[in-house]
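Contents: one structure, followed by commentary.
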Amino acid sequence: MNSWSKARTQVVSGQAGAVSARAAAGSSIAQSGRPRTGRALRPAAAVRCGAAVLYLHARPETRRPWRIPMARRALPLLALCLLLVASFAAAPAHAEWDVDHIEELLPIGPTAEEARLMEALAAQGGERDALDDPPPLAPLRGCAEWEPATGVLIRYPLGLPYSVLQDFDDQVTIHCIVSSANQAAAISNFTANGIDMAKVQWLVRPSDSIWTRDYGPEYVFDGAGDIAIIDHKYNRPSRPNDDVIPIYFAQQQGIPCHTHSMWHTGGNYMTDGANISASTDLVYDEAAAYNGMSPAQVDQLMHDYYGVETYYVLDDIANYGIHHIDTWAKFLDEESVLVKQVWTAHDTYAALEQRAALLASLPSSTGRNYGVHRVYCYSTSSGPAAYTNSLILNNRIYVPLFGNSSHDNAAIAAYQAAAPGYVVEGYTYGSWLTDDALHCRAKGAYDIGMLRVAHIPIIDEQTGPVSVLAQIHAHSGTAITAAELHYRQGGGAWQMVAMTHGAGNDYSATIPDPAASGLTEYYLHVADASGRTEGMPRVEPAAWYSFTQNKQDLTAVDGLTPASPVALHANYPNPFNPSTTFSFTLLFEDRVELAVYDAQGKRVRTLINGTVPAGDTRVSWDGRDEEGRSLPSGTYFYRLRAAGLVYGRPATLVK
């Protein structure tokens, strides 16, 4: 787990429809073997079917209720399955043909045949004899939707308008699944519609449906820094061709693929790229019904295969439909989430308002609570417009539009306000549905050699010089050729300072004390020898971060400058795991002592004890004591003794 990860044990209270944030701890449940041929797991003793039950996990084998509102109760396994099938059946039927009128498309939800098969599977105890591939080398980090992408995965015959593909090929390679029988028609129709055929790569395989989001590959980086694809069991049991697409795509791209048998779907999974992920409770319900897995076992699998340290599992907003989180919520970055807003008379209004408030109360991987943005989804023939079902691909956001110019324009404006600097484009298509639009039908393919910059934005008020820290990883294996901090103070000209390389992937630079207190703005820009560039914000220089920076007062009461003024800065990141950086500034060379104390005042580590030159000093602490032992989670205090005075600040270690 890196510095941008949160603790794997979270305690979150809420009302009916609350989130369950369960810790993924203990030994792996993954078993080695061939892909999807067997898993032996004990059936869950009880099934959580949307009840707002919160569990505090000390260990995976111990579970105790934290808070149990009387909203709903766990159901027997077969009853759960019947409820799931009934909820799918309650969704409005919709027959859709592809854009070239080649075939009638399967629905995103189960067909009647699949519903019967799902009922039978649950009645016989599900698929509990499957074995999984071993997971990738730990620790893992899942790729967020906004990370550097080289391609997008779609399927032909299409469920997307050609206008979307015309913009896709300006940015990335279009990876298109097509059967051998349909490839000639695909080439002809792509060419006729102005698609750049040099930007198209065909995966010639039979497929069943257009929902590449749901059955497509999930990307992770493993403990060696190499990319891997994770292939889940697609939760549509009569679509076997779709289910194996990630395996064949991984083979084509030369990427290792790790298959597991737990039922899941990509539309019900979003991750922030910093080890926090979210789904609706469909993931627990289906894993219980069809794999015999408990919530703790689900969490463990998500940790082992996806690197999920904190898994926010929320009750869905309705008792009908497909129960995918991407139909009503979307991560925009590590600490921002967009949530659907509907009119007060709609049956999901109260649930959406509660989920929005709940998300705003949850900690993100930056240590701050999520900033929740809303987009109003007006009434269409199939239900609320699916504006949240958008796709982020590099510096663009592709938004489905529904033909009402006033509401469509307002949705575009909502994205522009929530994700400044992105190019936001809208696409009208007659077959978008309330629970199925653009995001469901396309999936990013991520850069094997991406240049990744991790940085927690500085947004709080600061005084004096400000340390800016980042972690930079060139997955291409090439050298970092530029790491720049660009800043301006008080609306002045932009300045640039080179960042200093510290230990490992750590880089730092300092924004100096301003001439006068006011607004400071900054962004990071990085390049490596492969020619890749990246920054923070990711769309820099079109967007930047800002905070209030006060001029440091170094004048004593009598108007004289002190002999040895000292500034002890806030550590970064905070909270942290596994390490954090302390920094301070001396006006003159001085003898200093920097030490860490626990909450009882006991010194646990001395970091500096000697003479330090004037200027900025940074030192990292790895959360260990003098004997090299890992310390437990908690609040610690770092104290700087300099110029005859003692300065102190708290630092929170989370595990």
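The values are calculated or read from the model by the stated rules, or taken from the named source; none is laboratory data. Everything numeric here is computed off the predicted structure, so don't read it as measured data. We place every Cβ from the backbone using ideal geometry, glycine too, and count neighbours over all the protein chains shown.
List of remarks:
- Count of region 102-122 residues which are more than 30 Å from the chain's Cα centre (by Cα), among the β-branched types (V, I, T) and closer than 14 Å to R236 by Cβ: 1
- Entry remark, region 608-621: residues being assigned to a loop (DSSP other than H, G, I, E, B) and either farther than 21 Å from S508 by Cβ or under 33 Å from the mean Cα position of the chain (by Cα) (or both) number 0 in total.
- Flag if N395 is surrounded by fewer than 19 Cβ atoms within 10 Å (Cβ to Cβ) and within 29 Å of D460 (Cα to Cα): yes
- Pairs where the first residue, in region 194-213, is in the same structural domain as P161 (by TED's automatic domain parsing) and without any contact (Cβ under 8 Å) to a residue 12 or more places away in the chain and the second is crowded, with 18+ Cβ neighbours inside 10 Å and of a type outside the set (D, E), C-beta under 8 Å, 6+ apart: M197/F190
- Single condition K199 does not satisfy, out of (1) more than 14 Å from P246 (Cα to Cα); (2) of a type in the set (K, R); (3) surrounded by 23 or more Cβ atoms within 10 Å (Cβ to Cβ): (3)
- Of the residues A542, A599, A563, the single one that is of a type in the set (A, V, I, L, M) and modelled with pLDDT of 90 or more is A542.
- With respect to the conditions (1) free of Cβ contacts under 8 Å to residues at least 60 places away in the same chain; (2) within 24 Å of M270 (Cα to Cα); (3) of a type in the set (A, V, I, L, M); (4) assigned to a loop (DSSP other than H, G, I, E, B), A144 lacks only one, and its number is (1).
- Some residue of region 446-453 being surrounded by fewer than 20 Cβ atoms within 10 Å (Cβ to Cβ) and modelled with pLDDT of 95 or more: yes
So that you can scan it fast, the table gives a plain yes or no per residue for (1) outside any strand (DSSP E or B); (2) on the phi > 0 side of the Ramachandran plot; (3) hydroxyl-bearing (S, T, Y):
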| site | (1), (2), (3) |
| --- | --- |
| Q166 | yes, no, no |
| I174 | no, no, no |
| T191 | yes, no, yes |
| I195 | yes, no, no |
| Q201 | no, no, no |
| P206 | yes, no, no |
| R213 | yes, no, no |
| Y219 | no, no, yes |
| N241 | yes, no, no |
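- Cross-chain or 6+ apart pairs with Cβ under 7 Å, region 343-357 first and free of Cβ contacts under 8 Å to residues at least 24 places away in the same chain and in the same structural domain as S379 (by TED's automatic domain parsing), then of a type in the set (F, W, Y) and in a loop (DSSP other than H, G, I, E, B): Y349/W343
- Any chance A470 is more than 22 Å from G421 (Cα to Cα) and in a strand (DSSP E or B): no
- Some residue of region 110-120 being in a loop (DSSP other than H, G, I, E, B) and modelled with pLDDT under 95: yes
- Residue match in region 443-462 (condition: acidic (D, E), in a loop (DSSP other than H, G, I, E, B) and over 30 Å from I480 (Cα atoms)): yes
Matching residues to (1) among the β-branched types (V, I, T); (2) assigned by TED's automatic domain parsing to the domain that holds T500; (3) under 22 Å from A509 (Cβ atoms):
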| site | (1), (2), (3) |
| --- | --- |
| V596 | yes, no, no |
| T606 | yes, no, no |
| L640 | no, no, yes |
| Y647 | no, no, no |
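- Scanning region 469-496 for residues that are surrounded by fewer than 15 Cβ atoms within 10 Å (Cβ to Cβ) and of a type in the set (A, V, I, L, M), we see that the one that is farthest from Y523 (Cα to Cα) is A479.
- Applying a threshold of 6 Å to beta carbon distances and a minimum spacing of six or more residues, or different chains, the list of pairs starting in region 161-189 at a residue that is closer than 18 Å to W97 by Cα and ending at one that is of a type outside the set (D, E, K, R) and in a helix (DSSP H, G or I) reads V178/A186.
- Subset of region 149-178 (residues that are within 27 Å of the chain's Cα centre (by Cα) and small (G, A, S)): A149, G151, G159
- Whichever residue in region 473-526 is touching a Lys or Arg at 6+ places or on another chain (Cβ under 8 Å) and outside any loop (DSSP other than H, G, I, E, B) and, among such residues, is farthest from L586 (Cα to Cα): A474
- Once region 622-643 is narrowed to residues that are assigned to a loop (DSSP other than H, G, I, E, B), in contact (Cβ under 8 Å) with a residue 12 or more places away in the chain and over 29 Å from the mean Cα position of the chain (by Cα), the residue that is farthest from A570 (Cα to Cα) is E626.
- Flag: L282 matches the condition of being among the aliphatic types (A, V, I, L, M), surrounded by 24 or more Cβ atoms within 10 Å (Cβ to Cβ) and more than 17 Å from the chain's Cα centre (by Cα).
- Applying the criterion of being touching a residue at least 60 places away in the same chain (Cβ under 8 Å) and not in a strand (DSSP E or B) to the residues of region 244-266, the residue that is nearest to the chain's Cα centre (by Cα) is G266.
- Residues of region 209-240 that are in contact with a strand residue (DSSP E or B) (Cβ under 6 Å, 6 or more places away or on another chain) and farther than 13 Å from H264 by Cβ: I210, T212, Y219, V220, F221, D222, I227, A228, I229.
- Within region 476-532, the set of residues being farther than 20 Å from D616 by Cα and aromatic (F, W, Y) comprises W494, Y523.
- Boolean, T212 is farther than 28 Å from D304 by Cα, of a type in the set (S, T, Y) and within 28 Å of the chain's Cα centre (by Cα): no
- So V244, is it of a type in the set (A, V, I, L, M, F, W, C), over 21 Å from P139 (Cα atoms), modelled with pLDDT of 95 or more and in contact with a Cys (Cβ under 9 Å, 6 or more places away or on another chain): no
- Of all residues making up region 93-117, the number that are more than 18 Å from A442 (Cβ to Cβ) and out of contact with any Asp or Glu (no Cβ under 9 Å at 6 or more places or on another chain): 12
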